[in-house]
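Everything on this sheet refers to the single structure shown next.
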Amino acid sequence: MNHEWLERIMKLEAFCKVHKDMHAINAESADHIIDTFKKALAPTRDALAKAKNNDQLRIALIREQIIVQAQASQYLSITDEFTERHKNLWKFNSQAPELFFQTAYDQLAVYFQQKKTVMHLKLEEDSSWYSGIKDSAKKMGTLVNFAVKGANQLSEKLGGQKLTDNEKVIDDKSIVETLMEQQLNPKQVSNDIGRILDRCNKVYAEAWKKEITAQQPDLQRIIPHMLVHKARENVDLQFQVGATEQIFLVSIGTTVASVLALAAGWHTLTWAILNVFPPMALFVAALTVVTGFLTQESALKQRKKQIDDSVNQYYHYFLTYLDVVKLKELGNRSLRQHIVNAGETIIHKTIEQWETALLGGLTINHYRQLNAAFSRHILYLQEVIEELEQP
């Protein structure tokens, strides 16, 4: 018989490294795991010491193998439980950003529809422009403004001095442009959409809290193995379970809120997006000027359509910028990437809290190492058993 394998079994060599790693983090928990294991093995160790022949030795080793498998199953249930909950959190994180953005899209759609409604009412209140002459004249003013600007540039080249500081001598904005500038004033839009995004963030945060609560590890499956050595009676164990649940309820909200909070506020983020927006004039630049041949009714209808088209274009631009533009306020990331990263941080912090509350500061990786140690020990046993079975 190969005595090297038997010596590894007797010294519990497979558990040396994991015990050392766990002991460096939490000596009490590490020693408790090994001491419990040794106590469970005591009868077989006694039988191994008293074995007088190979058959008795083989039977003692088979008994130990059964005990080791039973012990391993306890810790395997812990890693299985954590792995399943961890996997579910990552699955939720792949879907959660859409909850934020779909809420944002819906609420922004309502916001911009309200803007269109207000501008329609403004048009209906003042129909003096309906002939189109007013807007047509204003557009002719663009040529005048352009001529003044050109004269200034020529004067500067010839004499080094402008003819006039006022290059915009005629207000050449159409009524649609004027209404757009009034109703979509960047500062006001920034504040309004900032409040909308803040509400979206709260919806997103509540969804995370609900999901984390649903994914809490099954305490009845884990705690009997982890805390029973600390509970002298069943009452004490029940108290431990209740206390752990309370820790979770408090820590969930704190974790989610701290990760998702924007130090500068959502309105600042919106303002940053608007600062990289095209000029307002570009949203209405391609609109056709209404001429004087239209009736009041048809002119009003045409202007409303211009407003709808312009606001829709503005809305779609904002959605695109909200989704893809990288902002320094978010560490040179887009809002979508920020939301995804926030979810990842929530998962990591949640797992850390679970490990602290349930595993005594040890990590789930320690328990994966422990499972591997049990498997190695069983292999050592199997090697000796098979050798003893040979004639």
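State the percentage of accessible surface on segment 300-391 attributable to carbon and sulfur atoms; use a 1.4 Å probe and exclude ligands, DNA and RNA.
Exposed carbon and sulfur together represent 49 percent of the surface.
Over the alpha-carbon set of segment 290-391, work out the extent along each principal axis and list the three values in angstrom, largest first.
Over segment 290-391, Cα extents along the principal axes are 111, 35, 23 Å.
If amide H atoms are built 1.01 Å from N in the plane of the peptide, which residues on other chains or at least 5 residues away come under 5 Å of the amide H of Arg333?
For Arg333, the qualifying residues are Leu327.
At 1.4 Å probe size, with the rest of the protein present, what percent of the exposed accessible area of segment 6-47 is carbon and sulfur atoms?
Details: 1260 of 2250 Å².
Solvent-exposed carbon and sulfur of segment 6-47 make up 56 percent of the total.
Once each part is reduced to its C-alpha centroid, what is the distance from segment 171-222 to segment 75-104 in angstrom?
Going from one Cα centre to the other spans 23 Å.
Quick one: length gained pulling Asn312 to His3 fully straight, 0.36 nm per residue minus the C-alpha distance? Walk me through the numbers before you get to the answer.
Values: separation 309, 0.36 × 309 = 111.24 nm, distance 8.16 nm.
This chain segment gains 103.1 nm when fully extended.
Enter the mean projected area of the convex hull around the alpha-carbon atoms of segment 301-346, in nm², rounded to one decimal. Walk me through the intermediate numbers first.
Values: hull surface 15.5 nm².
So the Cα hull casts an average projection of 3.9 nm².
At 1.4 Å probe radius, can you tell me the per residue accessible area of segment 1-113 in Å²?
Working: 6080 Å² over 113 residues.
Counting only protein heavy atoms, the per-residue value for segment 1-113 is 54 Å².
The values are calculated or read from the model by the stated rules, or taken from the named source; none is laboratory data. Since the model is a prediction, treat every value here as computed from it, not as a measurement. Protein only, heavy atoms only, side chains kept; ligands, DNA and RNA dropped before computing areas. Shrake-Rupley method; radii C 1.70, N 1.55, O 1.52, S 1.80 Å.
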